[in-house]
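Step one of this worksheet: look at the structure below.
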Amino acid sequence: MYAALVNSGIRVSHDIWQIKIPTRLKIFLWYLKKGVILTKDNLARRNWNGDTRCSFYHSPESIQHLFLDCFYAKFLWRAVHLMFAISPPKSIDDLFNRWSKTGGNKHNSLLLTTTSALCWVVWMTRNKIVFDKCKPKFFLQVLFRGTHWLRQWARLQRCDVQRDQLILVGQHLETSALHFFCFQWMVVK
């Protein structure tokens, strides 16, 4: 697919295609970057007559809302902000063109892989709610599903250092979130 797109003259971001994640996730990220993920607002443009509200809350569902502005997405980006001091992305364009490149060449693939896990878990959680009629998950469950994907994708890395870094990022997100919520729970109690 990548070779066909490049040979046809379409400019494709190399970053997405070079990270070590499953191909279907690379395609998902590419669709996300292009703005063609089938969120409810995109379906409505295709004469879909269903409900266009967010699956988590009652705001209109768009790519911007689902992946950046929805409470679940905000929680995930704020967790990354608190743990790694990287300000949350402001738009999908910002996510792919600035945010995932804030770590310098050494950490760009790590940030993009983490971005992939967070976006994928939001998408999968949303789809469970829409298609399986499940209740929305708790914020920590969504975060832990994302760190699960990071651990799975760590196996795909060629270099042991990258593998270990992905595992450490997931562990750091989990333990920091647990400490934060434990502290909040103790303060409330």
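Any read-out appearing in this document is the output of simple, stated calculations on the displayed coordinates, not a laboratory observation. Just so you know, these numbers come straight off a predicted model, no measurement behind them. Note that each Cβ is placed from the backbone with ideal geometry, even for glycine, and that neighbours are counted across all protein chains shown.
Side notes on the structure shown:
- Approximating the spin labels as points 7 Å out from Cα along Cα→Cβ, the Cys159-to-Arg98 distance works out to 2.7 nm.
- Of Lys33/Lys128; Lys26/Lys90; Lys26/Lys135, pairs whose Cα-Cα distance is over 24 Å: Lys26/Lys135
- Local electrostatic count, Ser100, Cβ distance below 10 Å [Lys/Arg +1, Asp/Glu -1]: 0
- Where labels lie 7 Å past Cα in the beta-carbon direction, separation of Asn108 and Leu168 in nm: 2.1 nm
- Taking amide H positions as modeled 1.01 Å from N, with prolines and chain starts lacking one, the residues under 5 Å from Glu61 and 5 or more places away or on another chain are Asp41, Arg53, Cys54.
- Fully extended contour minus Cα-Cα distance, from Thr23 to Leu178, at 0.36 nm per residue: 52.6 nm
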